[in-house]
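Structure first, then comments.
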Amino acid sequence: PQPIRLADYTPPPFLVEGVALTFRLAPRATRVTSRIRFRRNPDAQAQDLRLDGEGLRLISATIDGVPITAQPDATGLTLPGGDLPDAFDWAAEVEIAPEENTALEGLYMSNGMYCTQCEAEGFRKITFYPDRPDVMAPFTVRVESELPVLLSNGNPSAQGDGWAEWDDPWPKPAYLFALVAGDLVAHSDAFATASGRAVALNVWVRPGDEGRCAYAMDSLKRSMRWDEEAYGREYDLDVFNIVAVDDFNMGAMENKGLNVFNSKYVLASSETATDADFDNIERIVAHEYFHNWTGNRITCRDWFQLCLKEGLTVFRDQQFSADMRSAAVKRIEDVLSLRARQFREDQGPLAHPVRPDSYHEINNFYTATVYEKGAEIIRMLRTLVGEDGYDAGVRLYFDRHDGQACTIEDWLAVFAEATGRDLSQFARWYAQAGTPRLRVTEDWDEGTGRFTLTLEQSTPPTPGQPDKAPQVIPVAVGLLGPAGDEIMATRVIEMTDTRHSLTIEGMPARPVPSILRGFSAPVVVEHAVTPERRAFLMAHDTDPFSRWEAGRGLAREILVAMVRDGAAPGPDYLDALAVTLSDERLDPAFRALCLRAPSEDDIAQALVDAGETPDPMAIHTARERFQRAIAAHMDDGLARAFIAMETPGPYSPDARDAGRRALRLAALAYLSRNDGGDRAARLFAGADNMTEQMGALGALLQVGAGQSEVARFHRQWAHDRLVVDKWFAVQVALAAPESAVETARSLTRHPDFDWKNPNRFRSVLGALATNAAGFHAPGGAGYALLADWLIQLDPVNPQTAARLSTAFETWRRYDPARQGAMRAALERIRATPDLSRDLSEMTARMLG
Ligand code: B3K
Ligand code: ZN
């Protein structure tokens, strides 16, 4: 099959002026009738009108009341343009079977409830339609069902016994359509917008879950206020509904006025959700809400422009979280996630530009690159044009493009116009894949006091892009004096060429540069500095990100050395870490991040960057020894922190208490290496919140203890799906390398292992992939187990199968035996008859 290409884009031949849908819901035979008003698009060359439609049983279709003669094929229906009037009414009736829809795309059922997921191309599984984002229309929807709660987009317009009607006045693409019907209860509230519109807010959940919606609701209200204050964007309907669903392929979906969420990102109580869960709920509720303007009111012209809405909306949710919590901690967490997911993607066969040029299955491009690197590009843009320039550009974007389907060119043009800057070279960030390397060298002339910093950029080749051009890189730099005082405040070097130098004259003594403050660009810095220099920055840098980064770099270098030759961490690092641990001027959440050792995958990436072949078992052993060395060196300090960071009083998910718990549990994980898990067992027994209960269980499992706690945990929580997911995941993720595969395999035989539920599938097979040494254990049993399950899942739910197949994206990193086994697993998947388009594309790209 031929890929879809950006270069082949053509405007739609017909536009839609209005859509009226009626749903008569039944599990195996839902009838959908559509009435669509079409009008010829004066800007289009194409004539024939293509209506997408998949898996639909066509009952009837007419054009202006006359039955059509065209017959549908497997993916839709073509109406020959020559026969069509310039404006006409399409009316059709189709039948679909939501109960049989296990792919969770289109209209499907979850625990007796009907719900939809249309992005990217699910609407075509509901009815015939030009299912492309540049066709925007107002919708009215009538839902008929005996179920008590019937929801769709927009405002409720009428309802009666067994039916409800909804009216969405804002033109939208079909991917934002949503319908929900079920036996649901609402946690309700209200919001008054800045201009005085009263908005009814509801979080809809299954009966029994209504006590766990307060945090999602609170996050929603704070998001609504924040978007008014930070971006001047108000909500535009009378109601905003959120629905929690147990069976969902991803996190959540921003359907207009009716967001549908994976229940994991809605439901939270102190007993059942961890601090990380609360944090995610706040972030994802905000993200979906922010899409109302960046995505819905202004959408994407085609799916190649996905980063237009996703990169911007991630950037906006990052800004929001930074305002709600500690900005420094948030930035570090975002960088950790970028490196873990996006840098890893860029390093392997799935590397692609933030705006790809072609795809087979668009669902495969909801990636860390599109989302997170997409957000980094917006952040760099803001750094380059300045806060005021950014605000002016964004204002122009909303003014000019409201109601339109746009491109990255439209987005960049508003900044070029508002600020007078030429952004043509900057646009390369969207087109060029790969993570740029930034090589830094220093030159110091003692006699004249001249200090020169030289930066050189290069980007390694990625699939289909052997040669890379230089990019615009904003490098935030500061200088410290030998006593640790800041002698040059942060300034941003705008690098546009391959090589760039900065010279500063008249320095009384050799300064210490602090490079890439705040992680001002998504690049890898290569700067050979001594451990003493890193320790100095760790103690003195005024930029909190760079301060953390100095310690991180040191830890990474030590770990790499430990993997190579079994060295041990020196006292300099251990002492510096001990100072950080007990420095009460530092935010506990920041200290917790400093204590976190680089992950096994980070170390593997570092070895690959150094041109070496990572050995997952050696990495695991080195990291284990590293953590034991820290535990042994800092036992007293860790014990003090464990006590001092107790959070008295009732549990609160706020950033302050969460930070204290993070530090306390980080200390506990180390202490368990000294006390065999005694403290952790006591904490587990007495914990009254899930953060500490899970933290204690994790600490026990990491030292090979905790089996009775595992059993107790299951007895306590067997009735709670979301907690049982955690129970599955923690056992697999923290199993010892030798037993991880067997643990995963035996859990797939557990009666609670409902493999068709994506959260549950991920809790075992996704967790296995995160246990690097276990997944890569010699012999390839981990690869075979994952491949077996992906092959089993693919016909049922191709999207989730394709997503999890990225566990294999690193295969070329490894030694011949592992490469052979990973490759064989991928080839076995690829050779499976009737493999989905999703998984075919992924395996083809990975095998290269
Ligand atoms: N836009 C959705 C993601 C849709 C994924 C389709 N496979 C959620 C989000 O980014 O907000
Ligand atoms: Zn999004």
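For the range 264-273, indicate whether the set of residues that are surrounded by fewer than 23 Cβ atoms within 10 Å (Cβ to Cβ), within 10 Å of ligand 1 (Cβ to nearest atom), outside the structural domain of residue 315 (by TED's automatic domain parsing) and part of a loop (DSSP other than H, G, I, E, B) is non-empty. There is no residue in the range 264-273 that is surrounded by fewer than 23 Cβ atoms within 10 Å (Cβ to Cβ), within 10 Å of ligand 1 (Cβ to nearest atom), outside the structural domain of residue 315 (by TED's automatic domain parsing) and part of a loop (DSSP other than H, G, I, E, B). All conditions in (1) assigned to a helix (DSSP H, G or I); (2) buried (at least 23 other Cβ atoms within 10 Å of the Cβ); (3) of a type outside the set (Ser, Thr, Tyr) hold for residue 607, with the sole exception of (2). Suppose we filter the range 256-284 for residues that are within 14 Å of ligand 2 (Cβ to nearest atom) and farther than 21 Å from residue 168 by Cα; how many remain? Selection size over the range 256-284: 5.
Matching residues to (1) basic (Lys, Arg); (2) in a loop (DSSP other than H, G, I, E, B):
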| position | (1), (2) |
| --- | --- |
| 673 | yes, no |
| 711 | no, no |
| 730 | no, no |
| 742 | no, no |
| 745 | yes, no |
| 753 | no, yes |
| 768 | no, no |
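For the range 297-311, name all the residues that are more than 10 Å from ligand 1 (Cβ to nearest atom) and either polar (S, T, N, Q) or closer than 18 Å to residue 227 by Cβ (or both). Once the filter is applied, which keeps residues that are more than 10 Å from ligand 1 (Cβ to nearest atom) and either polar (S, T, N, Q) or closer than 18 Å to residue 227 by Cβ (or both), the range 297-311 yields 297, 298, 299, 305, 308, 311.
Which residues, counting only those in the range 424-438, are touching a residue at least 12 places away in the same chain (Cβ under 8 Å) and either part of a loop (DSSP other than H, G, I, E, B) or more than 27 Å from residue 525 (Cβ to Cβ) (or both)? Working first, answer last.
Step one: of the range 424-438, the residues touching a residue at least 12 places away in the same chain (Cβ under 8 Å) are 425-438.
Of everything in the range 424-438, those that are touching a residue at least 12 places away in the same chain (Cβ under 8 Å) and either part of a loop (DSSP other than H, G, I, E, B) or more than 27 Å from residue 525 (Cβ to Cβ) (or both) turn out to be 425, 426, 427, 432, 433, 434, 435, 436.
Does residue 120 satisfy the condition of being in contact (Cβ under 8 Å) with a residue 12 or more places away in the chain and out of contact with any strand residue (DSSP E or B) (no Cβ under 9 Å at 6 or more places or on another chain)? Yes: the conditions hold for residue 120.
Determine if the range 371-388 includes at least one residue that is under 25 Å from the mean Cα position of the chain (by Cα), surrounded by fewer than 18 Cβ atoms within 10 Å (Cβ to Cβ) and modelled with pLDDT of 95 or more. So far as the range 371-388 goes, no, none of its residues is under 25 Å from the mean Cα position of the chain (by Cα), surrounded by fewer than 18 Cβ atoms within 10 Å (Cβ to Cβ) and modelled with pLDDT of 95 or more. Selection of the range 335-370 for residues being within 14 Å of ligand 1 (Cβ to nearest atom) and either within 14 Å of the chain's Cα centre (by Cα) or of a type in the set (S, T, N, Q) (or both) yields 363, 364, 365, 366, 367, 368, 369, 370. In the range 290-317, the residues that are over 18 Å from residue 414 (Cα atoms) and in a loop (DSSP other than H, G, I, E, B) reach residues that are within 11 Å of ligand 2 (Cβ to nearest atom) and of a type in the set (D, E, K, R) with C-beta atoms within less than 6 angstrom, at least six apart or across chains, in these pairs: 291/254.
Look at (1) at pLDDT below 95; (2) within 16 Å of ligand 1 (Cβ to nearest atom) and you find that residue 325 fails only one, number (2).
Restrict the check to the range 121-136 and report whether at least one residue is at pLDDT 95 or above, more than 28 Å from residue 299 (Cα to Cα) and in a strand (DSSP E or B). Within the range 121-136, not a single residue is at pLDDT 95 or above, more than 28 Å from residue 299 (Cα to Cα) and in a strand (DSSP E or B).
For the range 291-349, residues that are in contact with an Asp or Glu (Cβ under 6 Å, 6 or more places away or on another chain) and hydroxyl-bearing (Ser, Thr, Tyr) total 1.
Within the range 85-93, is even one residue over 26 Å from residue 10 (Cα atoms), at pLDDT 95 or above, surrounded by fewer than 23 Cβ atoms within 10 Å (Cβ to Cβ) and more than 16 Å from ligand 2 (Cβ to nearest atom)? Yes. For the range 176-257, the strands (runs of 3 or more DSSP E) that sit wholly inside it and include 3 or more residues that are within 15 Å of ligand 1 (Cβ to nearest atom) are 239-245.
When residues in the range 227-263 are screened for being surrounded by fewer than 21 Cβ atoms within 10 Å (Cβ to Cβ) and on the phi > 0 side of the Ramachandran plot, 1 of them pass.
Taking the criterion of being free of Cβ contacts under 8 Å to residues at least 60 places away in the same chain and within 24 Å of the chain's Cα centre (by Cα), the only residue of the range 507-545 that qualifies is 517. The set of residues in the range 568-604 being under 30 Å from residue 818 (Cα atoms) and outside any helix (DSSP H, G or I) consists of 568, 569, 596, 597, 598, 599.
The values are calculated or read from the model by the stated rules, or taken from the named source; none is laboratory data. None of these values were measured; they are calculated from a predicted model. For neighbour counting, all protein chains shown are included, and Cβ atoms are generated from backbone atoms with ideal geometry for every residue, glycine included.
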